[in-house]
Amino acid sequence: MRLVFLGPPGAGKGTQAAMVSERLGVPQVSTGDILREAVRRKTELGNKAKTYMDAGDLVPDDIMLSLVEERLAEADCRKGFILDGFPRTLPQATALDEVLARAKQRIDGVVLIDVDDNEVVARLSRRRVCPKCKGLYNLDSEPPKVEGTCDKCGVPLITRSDDSEGTIRNRLKVYRNETLPLVEYYQAKGILARVPSEGGISKVFSVIMDKVSGMRQG
Ligand code: AMP
């Protein structure tokens, strides 16, 4: 299965993509995680991306495209993948289709996880992340067992530097302007499934799995 997960920041894309990836046995390709790792290691890519990320702006398409093309060419993506956070602009989406078409492949389905703006701000300001396993927590709905510590790794949880209210508002604006047109793009192809982000993590997961099992693999 080759899937794309779409949705505003804070919709639960990363959490759900990780769960679906485990269930389907295909890798989760999170462009945000790849970029954050590059920033942490201070690579050339990381240094270029950091200013955009800190402001909540998008990293330029050409940088993103070569990053994703390289990642999808790795052996573990041969049997499928879940793209989490990519594409985020129309040029990224059309370029992705071209890259896949060259390998006689295509996106089988797009899962759009929907949530309203105020809920996004509330969720993200309460979000904490494990710097080691990238595990996600929410101080209200999914708190760690020991305050401030990852359940799996035992290391201190951190707040993402772009999870401050001003940056969150900008990320939402960028989502509306740049990423929302993709909803129409994939709807026109007949491969879009809408899932409201409500009822809790396992409820959303089961709705997604229902929709994914109805998607045709090409
Ligand atoms: P995320 O973890 O998906 O919320 O991504 C965090 C940040 O990484 C975004 O706010 C962007 O600055 C950057 N980023 C991640 N994916 C993309 C993408 N497909 N295109 C442009 N920028 C991206």
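Starting at 0 and stepping by 5 Å, how many percent of the alpha carbon pairs of the range 153-207 end up in each bin?
That works out to 4, 14, 12, 13, 22, 21, 8, 4, 2, 0, in percent per bin.
With +1 on each Lys and Arg Cβ and -1 on each Asp and Glu Cβ, how big is the dipole of the chain about its Cα centre, in debye rounded to the nearest 20? Numbers along the way, then the final one.
On the way: 34 positive and 31 negative charges, 92 e Å.
In total the dipole reaches around 440 debye.
The range 143-186: which GluC sites (Glu not before Pro) are DSSP loop and have at most 10 other beta-carbon atoms within 10 angstrom?
Glu147
Below 8 Å between Cα atoms, with a sequence gap of 6+, how large is the relative contact order for the chain in percent?
30 percent
With an 8 Å Cα cut-off and a minimum separation of 6 or more residues, compute the relative contact order for the range 59-160 in percent.
16 percent
Two decimals, Cα atoms only, Kirkwood Rh: what is Rg/Rh over the range 41-187? Working shown, then result.
On the way: Rg = 17.0 Å, Rh = 17.3 Å.
Radius of gyration relative to Kirkwood radius: 0.98.
Over 26 Å between Cα atoms, which of Lys48/Lys173; Lys152/Lys203; Lys13/Lys50; Lys50/Lys152; Lys134/Lys203; Lys132/Lys173 qualify?
Lys50/Lys152; Lys132/Lys173
We did not get these values from a lab; they are worked out from the coordinates using the rules stated. The model shown is predicted, which means the values in this text are computed figures rather than measured ones. Positions of Cβ are backbone-derived with ideal geometry, glycine not excepted, and every protein chain shown enters the neighbour counts.
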